[in-house]
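> Below is the structure I would like to discuss, written out as structure tokens.
The values are calculated or read from the model by the stated rules, or taken from the named source; none is laboratory data. Model, not experiment: these values are computed from the prediction. Virtual Cβ from ideal backbone geometry, glycine too; neighbours counted across all protein chains shown. Note: areas computed on protein heavy atoms with side chains; ligands, DNA, RNA excluded. Shrake-Rupley method; radii C 1.70, N 1.55, O 1.52, S 1.80 Å.
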Amino acid sequence: MKPIGAEFFGTFWLVLGGCGSAVLAAAFPNVGIGLLGVSLAFGLTVLTMAFAIGHISGCHLNPAVSVGLCVGGRFPAAKLVPYILAQVLGAIAAGGVLFFIASGKKGFDLSGGFASNGFGEHSPGGYSLYACLVCEIVMTMMFLIIILGATDKKAPPGFAPIAIGLGLTLIHLISIPVTNTSVNPARSTGVAVFMGSWAVAQLWLFWVAPIAGAILGALVYRVLQTKEN
């Protein structure tokens, strides 16, 4: 149960730190951290947790990552369901804490989207469903290639958390304007259940696209490994 608990608290930190920075600090009067700050916050949550719990659970913090690692031969299929449940529950718990904190401010409402992911009229930049679908697939595919490569036995030891954290930062810098960046079904679910309405209706894309992208990333990396050997 220790790895399951580690995944719960690790995903809790990812959603609280990443989405919390978007909801509480991104546009704070005069000193808001903006898109760059939110991107860095998401990367830092993964980097810090990778060092903290990587040796306990592998620090997946993401159902798509767990599926991708399984396809890549790095994670047993028998552990997928418990890991994914822990990740989703941790994300929802973080969403609840964030909602409680945010609602403590006078005038709080959900019109800003509560860091939810969306497409079409709910995309930050107004991007279409198909543009958002492709973006999430490609970004998650690249994230899995980074994870698999950085944690490969042939990679320089000890640097994987840095590469993975910075990789997630870069992904957010690219795709926040498109979908508000998911690449993580648990992260999307954790805030969507509190946002409700359109966020829940569009949640399917942020399960389907990241998982599809993670599978593609795992398959691509396996091909790259074969060629190298």
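> Roughly how many percent of the accessible protein surface of the stretch 1-122 is carbon and sulfur, given a 1.4 Å probe and a whole-percent answer?
72
> Angle check, please: helix 205-228 long axis (alpha carbons) against the longest principal axis of the chain (alpha carbons), in degrees 0 to 90, nearest 10.
30
> Given R₀ = 22 Å, FRET efficiency for residue 223-residue 153 by Cβ-Cβ distance, to 0.05?
0.80
> Hey, with R₀ at 25 Å, roughly what FRET efficiency would residue 27 and residue 129 work out to, going by the Cβ-Cβ distance, to 0.05?
According to the calculation, E is roughly 0.40.
> Right, here's the next one. Would you mind counting up the charge near residue 20? Only other residues with Cβ under 15 Å from its Cβ, with Lys and Arg at +1 and Asp and Glu at -1.
Here the count lands on +2.
> Distance between the C-alpha centers of the stretch 1-75 and the stretch 149-225? Whole Å please.
The two parts, judged by their Cα centres, are 10 Å apart.
> Next question. Please build a GNM for the chain, connecting alpha carbons under 10 Å apart, and tell me which residue among 185, 210, 157 fluctuates the most.
Largest GNM mean-square fluctuation: 157.
> Calculated from the structure, Rg and Dmax of the Cα atoms in Å equals which of (1) 23.0, 72; (2) 16.7, 60; (3) 17.5, 52?
Step by step, Rg and Dmax of the Cα atoms in Å for this structure corresponds to label (2).
> Another question about this same structure. Once every DSSP H run of n ≥ 4 in the chain is given -39500 (n - 2.57) and the sum is divided by its residues, what mean residue ellipticity at 222 nm do you get, rounded to the nearest 500 deg cm²/dmol?
Using -39500 (n - 2.57) per qualifying helix, the result is -23000 deg cm²/dmol.
> Which order do 69, 110 take by accessible area at a 1.4 Å probe, largest first?
110, 69
> Then there's this: With everything on Cα atoms, drop me the angle between helix 80-102 and the longest principal axis of the chain, reported from 0 to 90° to the nearest 10.
Roughly 20 degrees between the two axes.
> Suppose every K and R has +1 on its Cβ and every D and E has -1 on its Cβ; what is the size of the dipole of the chain about the Cα centre, in Debye to the nearest 20?
Using Cβ point charges on Lys, Arg, Asp and Glu, the chain gives about 420 debye.
> Determine Rg/Rh for the stretch 58-107; Rg is computed over alpha-carbon atoms and Rh is the Kirkwood hydrodynamic estimate from the same atoms.
Taking Rh as the inverse mean 1/r over Cα pairs, Rg/Rh reads 1.22.
> Could you point to the residue in 117, 166, 183 farthest towards the positive end of the stretch 83-191's charge dipole, with +1 and -1 charges on the Cβ of Lys/Arg and Asp/Glu respectively?
Positive-end residue among those listed: 166.
> Using the Kirkwood radius over C-alpha pairs as Rh, can you work out the diffusion coefficient of the stretch 72-148 via Stokes-Einstein at 25 °C, viscosity 0.890 mPa s, in µm² per second?
Taking Rh from Cα pairs, D becomes 157 µm²/s.
> Give me the angle, in degrees from 0 to 90, between the Cα long axis of helix 185-195 and the longest principal axis of the Cα atoms of the chain, rounded to the nearest 10.
Computed tilt is about 10 degrees.
> Separate question: Using Cα-only point scatterers and the Debye equation, what is log10 of I(q)/I(0) for the stretch 131-229 at each q in 0.10, 0.23 Å⁻¹, rounded to two decimals?
-0.30, -1.16
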